[in-house]
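Trainee: Quick one: this structure, given as structure tokens, is what I'll be asking you about.
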Amino acid sequence: MPYPNAVDAPEAAQCILATVRAIAPGQVAGYGQVARRAGLPGRARLVARVLASADDPGLPWHRVLRSDGRIALPRGSPAWHEQVRRLRAEGVQVDDGRVRMPRGQGTLDAALWGPD
DNA sequence: GCGCTGACGCGAT
DNA sequence: CATCGCGCCAGCG
């Protein structure tokens, strides 16, 4: 747990960004997962807000999905298409706005970073 | 200060 | 599976 439990500090955003950048290409993670890993359990919504306001062009925001593997953005929106495009470009199999889980691994949680 | 809204999550139906 | 409802947090009018 490299990060402190800062909730009301701009540092929280940094922890989140760092965590998102830590996601390897071709891999994906859930908002809640990112939040937990960033030391901010239960702050999935905060993660979403940080990504939405982040201006870093190199940020792999497209690798962050809902816990059920679905893209969080409004279906069909420009950003939605963009996310699908980027994911596919990394070899991630996306089917109708939802990421194909590798072999019935219930949700992202268990499939990728698993139970920390 | 108040209520609405949303790149969320989870259990119940 | 697809939906619904409710809890949760932060920004905005």
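All of the numbers you see were taken from the coordinates with simple rules; none came from a lab. From a predicted model like this one, the values you see are computed outputs, not experimental measurements. So basically every Cβ, Gly included, is an ideal-geometry build from the backbone, and we count neighbours across all protein chains shown.
Trainee: What are the pairs with Cβ atoms under 7 angstrom where one residue, in region A:52-63, is closer than 16 Å to A:Pro78 by Cβ and the other, located anywhere, is within 16 Å of DNA strand C (Cβ to nearest atom) and assigned to a helix (DSSP H, G or I)? Sequence gap at least six, or different chains.
Mentor: Once the first residue is closer than 16 Å to A:Pro78 by Cβ and sits in region A:52-63, its partners that are within 16 Å of DNA strand C (Cβ to nearest atom) and assigned to a helix (DSSP H, G or I) give A:Trp61/A:Leu51.
Trainee: Can you tell me which residue is nearest to DNA strand C (Cβ to nearest atom) among those in region A:18-34 that are among the aliphatic types (A, V, I, L, M) and within 21 Å of A:Val92 (Cβ to Cβ)?
Mentor: Among them, the one singled out is A:Val34.
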